[in-house]
Amino acid sequence: MNELLLIFMVVAGIILFSLFFYYVPFLLWMSARVSGVNISLIQLFLMRIRKVPPQIIVRALIEAQKAGLQGITRNELEALFLSGGHVEKVVHALVSASKANIELTYNMATAIDLAGRDVLLAVQMSVNPKVIDTPPVAAVSKDGIQLIAKARVTVRTNIQQLVGGAGEETILARVGEGIVSSIGSAESHKTVLENPDSISKLVLRKGLDAGTAFEILSIDIADIDIGKNIGAVLQMDQAQADKNIAQAKAEERRAMAVALEQEMKAKAQEARAKVIEAEVEIPLAMAHAFKSGNLGIMDYYKMKNIQADTDMRESIAKPSSTGNNSL
């Protein structure tokens, strides 16, 4: 029993000892004191209660102290951590900005971090500018030749406009628009090929970095390729369109002519039908005239003679057709 009680007491002592040093990080407090950071054990204990890791806060305070940063307090770092910020990145960024003589306050750094941007990367880009390659941009000069240009944009972070400023996509879009405008205003594609730097100069003068989180340092044309002859293609398309319109109008006129011809044929057939109908009524009229005595036999023969005379004169009036038929 004594041995079991001793083992139990040893285990309980170890657990209590571990809990004590967990909630009261004595070694961390000693490290802070040695580094010149004024913080008490009670404050470290209360950090554990507030679910704030003391290691992160103390390391950040030590780094700020060693770097000579003034005005950064424990309460501010705890508030930043509880707000979802990155304490270590913010302090690293402040130290890097201080060494590079970049104006960056604690409030600005926390605002950038809480806005969702990487404040440390922003400071690094201010010191070491970044090169952004644009995708191929196609544009057409005034002579109708298409040019495909690629540019390299050198930018650095504008710390003052990092919160609320537009990102890299806006820079690329504006540079692409500037390239299209510059090539489009050129009289000839040869002019652009001879002086590609004219594109970058014109684009830079437009102030494309306004309202963005970056400052454009330079725009360099990396490559220009000749594309299609857009002017010739458009002329060919226009000619084809005019041809199709002319064919459509001709087909319309042909259809109208065919319809008119069919209409005239129908009218001619109708007229012939009326003539045949009238010819059918002639014998009936003559028979009725014979019966009523209005027409005698001599009158009938005279009419026949006149008709024969008329047929003979018509045959004499067409000698050429008769001669051709005999041949």
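The values are calculated or read from the model by the stated rules, or taken from the named source; none is laboratory data. All values derive from a computational prediction rather than experimental measurement. In this analysis, Cβ positions are derived from the backbone assuming ideal geometry, glycine residues included, and neighbour counts consider all displayed protein chains. Keep in mind that these areas ignore ligands, DNA and RNA; they rest on the heavy atoms of the full protein, side chains included. Shrake-Rupley method; radii C 1.70, N 1.55, O 1.52, S 1.80 Å.
Backbone amide hydrogens, once placed in the peptide plane, bring residue 228 within less than 5 Å of 146, excluding anything fewer than 5 places away on its chain.
Here the spin labels are modelled as points 7 Å beyond Cα on the Cα-Cβ line, and at residue 242 and residue 298 they lie 8.1 nm apart. Summarising the amide proton neighbourhood of residue 166: residues at separation of 5 or more, or on other chains, whose placed amide H is nearer than 5 Å comprise 212, 213.
In the context of the full set of protein chains, residues of the chain present 66 Å² of accessible surface per residue (probe radius 1.4 Å, heavy atoms only). Ordered by 1.4 Å accessible area with all protein chains kept, 298, 125 run largest first as 298, 125.
Taking all protein chains as shown and a probe of 1.4 angstrom, residue 102 keeps an accessible surface of around 40 Å². Only lysines eight or more places from residue 66 in sequence, or on another chain, were considered; those with a Cα closer than 25 Å are 89, 99. Inter-part distance, segment 84-147 to segment 165-211, computed on C-alpha centroids, equals 21 Å.
In plain terms, the bigger the Kirkwood radius, the slower the diffusion; for the chain, with that radius from Cα pairs, at 10 °C and 1.306 mPa s, Stokes-Einstein puts D at 51 µm²/s.
Over the residues of the chain, the helix contribution to mean residue ellipticity at 222 nm works out to -21500 deg cm²/dmol, using -39500 (n - 2.57) for each DSSP H run of at least 4.
In sequence order, segment 229-238 has phi-based couplings of 8, 5, x, 5, 4, 5, 5, 5, 5, 5 Hz under the Karplus curve 6.51 cos²θ - 1.76 cosθ + 1.60, θ = phi - 60°, and Gly or Pro positions carry x. Note on residue 243: aspartates and glutamates with a C-alpha under 19 Å away, same-chain residues under 8 apart excluded, are 251, 252. Pairs exceeding 32 Å between alpha-carbon atoms, taken from 267/291; 274/302; 130/206; 142/206; 201/228; 265/302: 267/291; 265/302.
Each residue, residue 217 and residue 188, gets one label point 7 Å from its Cα in the Cβ direction; the gap between the two is 3.7 nm. Once neighbouring chains are kept in place and the probe is 1.4 Å, which whole percent of the accessible area of segment 22-118 is contributed by carbon and sulfur? With neighbouring chains kept in place, the figure for segment 22-118 is 55 percent. Extension gain for the segment residue 265 to residue 285, taken as residue separation times 0.36 nm less the Cα-Cα distance, is 4.2 nm to one decimal.
Each peptide among 221-229, 86-94, 143-151, 307-315 gets the average number of other Cβ atoms lying within 10 Å of its residues, and from highest to lowest they stand as 86-94, 143-151, 221-229, 307-315. Applied to segment 63-79, the Karplus parametrisation 6.51 cos²θ - 1.76 cosθ + 1.60 on θ = phi - 60° returns per-residue 3J(HN,Hα) values of 4, 5, 5, 5, 7, x, 6, 10, x, 8, 10, 4, 4, 5, 5, 5, 4 Hz, with x for Gly and Pro.
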